[in-house]
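Accompanying notes for the structure given below.
We did not get these values from a lab; they are worked out from the coordinates using the rules stated. Just so it is clear, the structure is predicted and the values come from calculations on it, not from any experiment. When we count neighbours, we look across all protein chains shown, and the Cβ atoms used for this are built from the backbone with ideal geometry, even at glycine.
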Amino acid sequence: MAIVKWDPLSCGPFRELSAMQDRMNRLFKDAMGRTRVIKEGLEAGVWAPPVDIYETAEDLVIKAELPGLSTEDVSVRVDDNVLTLKGERKREAGVGREDYHLIERSCGHFRRSFILPDNVDPDKVQAKFKDGVLFIAIPKFKRIRPKKIAIEIE
């Protein structure tokens, strides 16, 4: 009689879980790897620039990394208390896909949307672009300190 190593993934409910995990991995791979063909015939993926969001005493600050892009490639919009960054990174003109040895930078359209909190003023958004980083500052409303009201006795 031969000794066979037992594999829990090969029987019963474990096999079903393993198959479900494989299907989910393929689903996410397909969803994350969506591509489209642009005019030059190159593939461009759906991508999202990395973003940091933090608060100072005066502002809510959003920083987005957009190396290689200019202000003409990016738009910032506030609509219904939602801030949206939108733009496109294009492949270099004159360089065909067959000329590349390695492609790691994503190209194509991107869109990031953020719901703004109630304590900021969406009408006073300021955006600056420096060294490939987009800085967006949204001023916070000034807090009105509670005022104690004296009660008169009649």
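Here Asp73 and His101 are evaluated by their C-beta separation; at R0 = 25 Å the FRET efficiency comes out at 0.50. Placing unit charges on the Cβ atoms of the charged side chains and taking the dipole of the range 115-154 about its Cα centre, the candidate lying farthest along the positive direction among Ile136, Leu116, Pro146 is Ile136.
Placing unit charges on the Cβ atoms of the charged side chains and taking the dipole of the range 46-139 about its Cα centre, the candidate lying farthest along the positive direction among Pro67, Gln126, Asn81 is Pro67.
If you average over every viewing direction, what projected area does the convex hull of the Cα atoms of the range 46-139 give, in nm²?
Value for the range 46-139: 6.9 nm².
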